[in-house]
Amino acid sequence: MPRNTIFAVLACGFCAACATNHSQNDIHDPFEPMNRQVHAFNRGLDAHVVKPATAGLSSDGGGGMGSHVLQGIGNFGSNLAQPGKALNHLLQGRVEPAVMTGFRFAVNSTLGLAGFLDPASADFALPEQDTDFGETLAVWGVPEGAYLELPLLGPSTTRDTAGRVVDLVIDPMHQVLDLDEWLIGLGARAVSKAGERARFGDSVDSILHESADSYAQTRLIWMQHRRHELGQEGEEIDPYAE
């Protein structure tokens, strides 16, 4: 069995072992003390590095040449992620979005100059249909497990953390790009997060730096958003339930 496949299976096993069923109106957070320490690190990183670095970028893309370059880099990284998203759509049994995502990748890789431009959205009505292996696991019935906050990456769950690992392992671009090229793609995706920080700067500031308990607020908002993405909304979440 290929090493990558073994790694993916082990990651799924980790997820299944850690995951437990909980009602949709609570948040299972047995690692809260550790999570709060990681949150404090992420909050400090945002305050001292990320926020100052994105301060010159306006939310409407009017931050000059730098914002356009940043957008292009983000488009490039996002385009390289499309084959992995198409694969996840297939694993979820969703053929139509898989095919549309494949067309999107083809259009942006050619007409979009390797993905730096996005004619698929602008001219071909092929918007990105986001997904990941965390969603694939949810479709397969794996429970979300415990809440986690990861260094640099932010909020997650045990299921989504395993999904992140598997996404890296099964990425079809591994078969096309050499290691350096693939790492450049990952870096481009990371740089694109700076654009998101600029676009949603006021909201991020109000949660991370202005709320009385930024950890509880971040946890609540992220869990509500993630469950909405997965179509698993329940009753109103009690932010203090475990």
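Just how large is the dipole of region 81-225 about the Cα centre, in debye to the nearest 20, putting +1 at every Lys and Arg Cβ and -1 at every Asp and Glu Cβ?
160 debye
Determine the gain in length on full extension of the stretch H228-R43; use 0.36 nm per residue of separation and subtract their C-alpha separation, reporting nm with one decimal.
This chain segment gains 64.1 nm when fully extended.
Just to verify a number: FRET efficiency for W182 and H68, C-beta to C-beta distance, R0 = 35 Å, to 0.05?
Here the calculated transfer efficiency is 0.90.
Most exposed first by the Cβ proxy, i.e. fewest other Cβ within 10 Å, how do M223, M173 rank?
M173, M223
³J(HN,Hα) across region 92-108 via Karplus (A = 6.51, B = -1.76, C = 1.60, θ = phi - 60°), whole Hz, x for Gly/Pro?
With the stated coefficients, region 92-108 comes to 8, x, 10, 6, 4, x, 5, 5, 4, 5, x, 4, 4, 4, 5, 5, 6 Hz.
Please say if region 111-209 is rounded, prolate or oblate, where rounded means a/c under 1.5 for a ≥ b ≥ c the square roots of the C-alpha gyration tensor eigenvalues, and otherwise the choice is prolate for a/b larger than b/c and oblate otherwise?
Because a/c hits 1.5 or more and a/b fails to exceed b/c, region 111-209 counts as oblate.
For region 128-137, what does the Karplus curve 6.51 cos²θ - 1.76 cosθ + 1.60, with θ = phi - 60°, yield as ³J(HN,Hα) per residue in whole Hz, taken in order and with x for Gly and Pro?
Once θ is set to phi - 60°, the couplings for region 128-137 become 5, 10, 6, 6, 6, 6, x, 5, 4, 4 Hz.
Quick one: F133, F124, fewest Cβ neighbours within 10 Å first, how do they rank?
F124, F133
At 7 Å along Cα-to-Cβ for each site, give me the label-to-label distance between D123 and M34 in nm.
Result: 5.0 nm between the two label points.
Laboratory data are not the source of any read-out in this text; all were calculated from the coordinates shown. Because the structure is a prediction, the values reported are computed rather than measured. Here Cβ is always computed from backbone atoms with ideal geometry, including for glycine, and neighbour counts include all displayed protein chains.
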